[in-house]
Amino acid sequence: FRFKDSLAEDVRRADLVISHAGAGSCLETLEEGKPLLVVINEKLMDNHQLELAKRLHKGGHVFCCNCSTLVETLQSMDLSTLKPFSPGQPEKFALFLDNIFGFQ
């Protein structure tokens, strides 16, 4: 997929997405309503991906593993336990800012 412009169609057709914990990859997959297994790259400095993956896992939206536990996680996970992810509502933040700056 290195030279593919977009993975959107692949995600739409997928029964399960296995991805790194990049914010774009996670949110695009969850917004499509697809089950997601996040494989954490433990070698990243200041691992922001780990923080996102843990938060999404805590909310019940994704399964998480690392490379060494990938096979075990695939064998034991139950996709029916995943909770739907509610997309953000940026319009609420925009309305909040409009009110603060008197644009209403």
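The values are calculated or read from the model by the stated rules, or taken from the named source; none is laboratory data. The structure displayed is predicted, hence computed values, not measured ones. Every residue, glycine among them, receives a Cβ derived from its backbone with ideal geometry; neighbour counts consider all protein chains shown. Side chains are part of the model used for accessible areas, which takes the heavy atoms of the whole protein and leaves out ligands, DNA and RNA. Shrake-Rupley method; radii C 1.70, N 1.55, O 1.52, S 1.80 Å.
Which of the peptides 79-85, 55-61 is most tightly packed, and how do the rest follow, judged by the mean count of other Cβ atoms within 10 Å per residue? Before the final figure, lay out the partial values.
Values: 79-85: 12.0, 55-61: 14.7.
Answer by packing, highest mean first, reads 55-61, 79-85.
Ignoring any ligand, DNA or RNA, what whole percent of the accessible area of segment 7-101 comes from carbon and sulfur when the probe is 1.4 angstrom? Each step should come with its number before you reach the end.
Working: 3760 of 6570 Å².
Its accessible area is 57 percent carbon and sulfur atoms.
In square angstrom, rounded to the nearest 10, how much accessible surface does E91 have for a 1.4 Å probe?
We get 110 Å² for E91.
Dipole magnitude of segment 19-74 about its Cα centre, charges +1 at Lys/Arg Cβ and -1 at Asp/Glu Cβ only, in debye to the nearest 20? Each step should come with its number before you reach the end.
Working: 5 positive and 7 negative charges, 27 e Å.
Using Cβ point charges on Lys, Arg, Asp and Glu, segment 19-74 gives about 120 debye.
Accessible area, 1.4 Å probe, largest first: how do H48, H20 sort?
On the way: H48 120, H20 90 Å².
Output order, biggest surface exposure first: H48, H20.
Using only the C-alpha atoms of the chain, find the volume of their convex hull and express it per residue in Å³. Intermediate results must be reported in sequence, preceding the final value.
Working: hull volume 16.4 nm³, N = 104.
It comes to 158 Å³ per residue, whole-number rounded.
Please name whichever of S25, L82, L44 sits farthest to the positive end of the charge dipole of segment 7-101, dipole taken about the Cα centre and charges placed at Cβ: Lys and Arg +1, Asp and Glu -1.
L82
Enumerate the amide H contacts of C64 below 5 Å, restricted to partners 5 or more residues apart or on another chain; note that Pro and chain-start residues carry no placed amide H.
Answer set, sorted by chain and number: V38.
Run down the lysines and flag those whose C-alpha is under 21 Å from the C-alpha of K54, throwing out any fewer than 8 positions away in its chain.
Counting by Cα, and skipping residues close in sequence, K54 has these lysines nearby: K34, K43, K83.
Whole number in Å², please: accessible area per residue of the chain, 1.4 Å probe, ligands, DNA and RNA not counted.
On the way: 7780 Å² over 104 residues.
That works out to 75 Å² per residue.
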